[in-house]
Structure formats: C-alpha cells, structure tokens
Amino acid sequence: MPFVITLTSDFGLCDGYVASMKGVILGVSPQATIVDISHLIKPQDIYQAAFVLGTTVRYFPPETVHLVVVDPGVGTERPALIVKTTLGCFITPDNGSLSYVLKPYLVSPLSAKGSVSVRTGFKDEIALEVIKVTKSGFLQSDISNTFHGRDIFAPLAAYLSLGRKPAEFGDEAETIEMLPLSSPQKNADGSLTGHIIHIDNFGNLISDITSADMPQKRDCIVIEVGNEHIKGISNTYAEGKELLACIGSSGYLEIAVKNGSAASLLALKTGDAVKLCDYTQRS
C-alpha cells in the first residue's frame, strides 16, 4: 500500500503549482495519500520552511515521504537529495530545509551555514542515509529549469511511496547543508536571551527558548520583549488582559495577545530578542 506523502512549499494557493505536483504524484502512485503541511511559506524563506517542517514531522508515521520545495536555487547546480531517517524519508534541495528536523541529532552545533558530514556529523540514532539524485530515469522527460518541484521532486516522492529504495535514484552524498539555528544564551546575571524564530498565522511570536530552558518557579519569571515586560507564564492564550507569554504546542516560549496579534502590537520580526529573567532570588 502506498505511503503518505506530505507537501511543504512556498508556491501559495492562487496558482496551479501545487496541483501540478499532485497530478504528477497521482499519475505514478494513484493510491497515494497526499497531505499538505503548508504552501504559504514566505517566498524563498528556507528558515520558515525548516521550522514548520521540524514541528510537524513527529506526528506522521515514520514511513511517510516528506516533499519540501522551498528552492531559491532552482535550476542551479545545487543537488536534489533524498534523506532517509528514523523520522521519515525527505525529498528536498540541499539548502538546509531539514535543519530543524536534524538539529537534535547534530554531534556539534553550527555557528554558520555550511555542510555537515553525513558519516560523522550526526548521532547514529537518526540512522541517516543521504542520496544525491543523479539518475534521470524516474523523472519527468522534459525538466523545466524553473519548476523542479513538479519535474524532479514530485516523481521521486511518488516512486518512494511505492516502496522504491533511495539508493535506486543516485549515489551516497558525503555532506548535507545545514542552517545555523539560534539557541538561547545564558547571561552573566543569570538571565537568558533568546530570539524570535517564527511568527505564526495568529501573530504569535515563537522564540527559541524551550520549556526545558525555564526555571521551575514560573510565576517569578519576567519576559522582556520589545519595550514590554510580561510577568509569569500563562497556561493558555485566553489568560491575561492582553500581552502574555506561554509555552506553545511546539514546546517553545511564545509571546501572544489574547484575541489579537503580538506581531502587530509589538512590531517585531524574526531575529529580535526575547529576554527571560528569573527574579526568584531577588528582592
């Protein structure tokens, strides 16, 4: 039985790009179950695609084929990859779009964008297999330089969903590109400085601070964001009079507004600082 195929792209919903990819997939694998993760990734925003994918894949069966096409380098020499892991099988340009998926398995954190060795850069538990696509027999016969999602990646996803092995499509890759993802930094005064890494459709500001980074006594926490100070951590979006902080469903600290948009209220963007201070021991 064909596996599930997920699609993530920056193609939007106004044009026929997504439908074209689905048509190619169904032409090869008519019984495939296709699930759209998102097609509203900001154009060419690999970081957003990586984050959205990284917070989603854990909820799919490990046999799922994940197709990710946010590809500023379409038509260039950047490789097309098939990446097999214990979490699923991924088809993507080699541009860092799997960074949040693979980050927990890095042997050493990255300080800059670059290539990581497939053999030595990741923990064995991820069971990483990376194939650089070199064989054209499974692809569309006429490949557009501007639409590899339809002509290269979609057919690969379809054939993989039918049980084809990644090694049938090319050769083992020695490296894979990874993005330098931010992590919160401890300050000399005991505070923690993180950064906004994603703004969701509701305008919630999602930071790189996780629940594990926070002290146990959360009523004594003060979050500094923009020019605002938020006391304590709320349990839901409905708590608080207006601006609030909570741990969202993805496990990260979020800044939100009850029935509103924190992004609009604070006029902040990805990369801006979020500072967490613990006043438990202070008078």
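The values are calculated or read from the model by the stated rules, or taken from the named source; none is laboratory data. Here the structure is a predicted model, which means the values were calculated and not measured. Cβ atoms come from the backbone with ideal geometry, glycine included; neighbour counts cover every protein chain shown. For the accessible areas, the whole protein counts, side chains as well, though only heavy atoms, and no ligand, DNA or RNA atoms are used. Shrake-Rupley method; radii C 1.70, N 1.55, O 1.52, S 1.80 Å.
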Residues of segment 127-155 satisfying the condition of being farther than 16 Å from Glu172 by Cα and of a type in the set (A, V, I, L, M, F, W, C): Phe138, Leu139, Ile143, Phe147, Ile152, Phe153, Ala154
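Could you grab me the full set of residues in segment 250-281 that are of a type in the set (A, V, I, L, M), farther than 18 Å from Phe202 by Cα and open to solvent by 30 Å² or more (accessible area, probe 1.4 Å)? Let's see the steps before the verdict.
Residues of segment 250-281 of a type in the set (A, V, I, L, M): 253, 255-257, 262-263, 265-268, 273-274, 276.
Still in the running and farther than 18 Å from Phe202 by Cα: 273-274, 276.
Scanning segment 250-281 gives a single hit, Ala273.
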Qualifying position, being among the hydroxyl-bearing types (Ser, Thr, Tyr), touching a residue at least 40 places away in the same chain (Cβ under 8 Å) and under 18 Å from Leu160 (Cα atoms), among Thr55, Thr85: Thr85
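Residue-wise test of (1) free of Cβ contacts under 8 Å to residues at least 12 places away in the same chain; (2) within 30 Å of Leu110 (Cα to Cα); (3) of a type in the set (A, V, I, L, M).
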position	(1), (2), (3)
Ile152	no, yes, yes
Leu181	no, yes, yes
Gly190	no, yes, no
Pro215	no, yes, no
Glu242	no, no, no
Tyr252	no, yes, no
Complete set of residues in segment 223-241 that are more than 15 Å from Pro184 (Cβ to Cβ), out of contact with any helix residue (DSSP H, G or I) (no Cβ under 6 Å at 6 or more places or on another chain) and not aromatic (Phe, Trp, Tyr): Asn227, Glu228, His229, Ile230, Lys231, Ser234, Asn235, Thr236, Ala238, Glu239, Gly240, Lys241
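Inside segment 120-142, can you point out the residues that are in contact with a Leu (Cβ under 9 Å, 6 or more places away or on another chain) and either surrounded by fewer than 16 Cβ atoms within 10 Å (Cβ to Cβ) or outside any loop (DSSP other than H, G, I, E, B) (or both)?
First pass over segment 120-142, keeping only residues in contact with a Leu (Cβ under 9 Å, 6 or more places away or on another chain): 121-123, 126, 128, 130-133, 138-139.
Phe122, Lys123, Ile126, Val130, Ile131, Lys132, Val133, listed by residue number.
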